[in-house]
Amino acid sequence: RIGDAYLAKLEVFLKTQVNAEEIDRSGEIPPLVMKGLASLGAFGMKIPTEYGGLGLSQVNYNRALALICGHCASTAALLSAHQSIGVPQPLMLFGNDEQKKKFLPRLARGAVSAFALTEPEVGSDPARMCTTAVLSEDGKHYVINGTKLWCTNGGIAELMVVMAQTPAIIKKGREKK
């Protein structure tokens with residue numbers, strides 16, 4: 001089975017290359033470990049093979065994360081956030097073909113993605129979020145205005161999901177109970 005073969009390779013890598021105590025002590029996953037994870041396809045476990053990922057099922061992805069977490073929770077948190085709340089998952093669900101072709105191969109190769117939700121006065125309650133995203137005058141991009149805290153993987157990410165309200169949500173307003 002694909003999952004069993006992948007887990008066997010991953011387990012050898014974890015046992016020989018990942019020093020969880022050192023990662024916890026330093027607060028950093030070493031560059032060689034990051035490169036090793038990328039070469040194993042760990043950043044693309046859930047990304048379909050057509051975009052350079054491993055295309056693992058949810059069950060095999062969960063098995064891989066359980067194995068990683070049993071060895072180094074920090075490494076598991078990095079990979080889980082990258083794939084589940086970072087760019088790959090929303091891109092696979094809501095991205096167009098052009099976006100998928102442009103970004104998914106890069107993410108599968110090891111470009112780390114981040115997630116930005118938490119705000120100073122709001123915490124991680126998306127219903128009270130104040131950050132806005134408004135389309136630019138030329139209609140080519142969004143202008144984001146707001147403050148985010150504790151961006152998961154933010155310090156090392158190349159790409160980021162930023163949670164923000166768009167004009168349609170702002171105009172609709174919030175219901176009061």
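The values are calculated or read from the model by the stated rules, or taken from the named source; none is laboratory data. Just so it is clear, the model here is predicted, and its values are computed rather than measured. Neighbour counts are summed over all protein chains in view; Cβ atoms, including those assigned to glycine, are modelled from backbone coordinates with ideal geometry. These accessible areas exclude ligands, DNA and RNA; they are computed on the full protein's heavy atoms, side chains included. Shrake-Rupley method; radii C 1.70, N 1.55, O 1.52, S 1.80 Å.
For the chain, what is the relative contact order in percent, using Cα pairs closer than 8 Å and at least 6 residues apart in sequence? Display every interim value, and only then the final one.
Values: 254 pairs, mean separation 34.9, N = 177.
Relative contact order here is 20 percent.
In order along the range 9-21, the Karplus-derived 3J(HN,Hα) couplings, from 6.51 cos²θ - 1.76 cosθ + 1.60 at θ = phi - 60°, round to 5, 5, 4, 4, 4, 4, 5, 9, 10, 10, 9, 4, 5 Hz, and Gly and Pro are given as x.
Look at where the Cα atoms of the range 2-48 and of the range 51-72 average out, and the two centres are 10 Å apart.
In sequence order, the range 68-78 has phi-based couplings of 4, 5, x, 9, 8, 5, 5, 5, 5, 5, 4 Hz under the Karplus curve 6.51 cos²θ - 1.76 cosθ + 1.60, θ = phi - 60°, and Gly or Pro positions carry x.
Can you give the % of DSSP beta bridges in the range 77-177 that are antiparallel, to the nearest 5? Looking only at bridges with both residues in the range 77-177, the antiparallel portion is about 55 percent. Residue-wise HN-Hα couplings along the range 89-104, as the Karplus relation 6.51 cos²θ - 1.76 cosθ + 1.60 with θ = phi - 60° gives them from phi, are 5, x, 5, 5, 7, 10, x, 8, 4, 4, 5, 4, 5, 6, 9, 4 Hz; Gly and Pro carry x. Charging the Cβ of each Asp and Glu at -1 and of each Lys and Arg at +1, and nothing else, the dipole of the chain about its Cα centre rounds to 420 debye. Based on the Kirkwood approach, the hydrodynamic radius assigned to the chain is 17.6 Å, with every pair of different Cα atoms included. With a threshold of 26 Å on the Cα-Cα distance, the over-threshold entries among 46/140; 101/148; 102/140; 46/101 are 46/140; 101/148.
Working from Cα pairs under 8 Å separated by at least six residues, relative contact order for the range 84-177 is 33 percent.
Would you compute, from DSSP H runs of 4+ residues alone, the mean residue ellipticity of the chain at 222 nm, taking -39500 (n - 2.57) per run and dividing by the full residue count, rounded to the nearest 500? Don't jump to the answer; show the numbers that get you there.
Details: 8 runs with 79 residues, N = 177.
My calculation for the chain gives -13000 deg cm²/dmol from helical runs alone.
When 147, 132 are compared by accessible area of protein heavy atoms, the largest-first order is 147, 132, using a 1.4 Å probe. Using the empirical formula 2.2 N^0.38 Å as the baseline, the Cα radius of gyration of the range 21-99 reaches a ratio of 1.14. Here the alpha carbons of the range 76-123 define both size measures, Rg and Dmax, at 12.1, 37 Å.
Can you give the % of DSSP beta bridges in the chain that are antiparallel, to the nearest 5?
Numbers: 6 of 11 bridges.
So the antiparallel bridges in the chain amount to around 55 percent.
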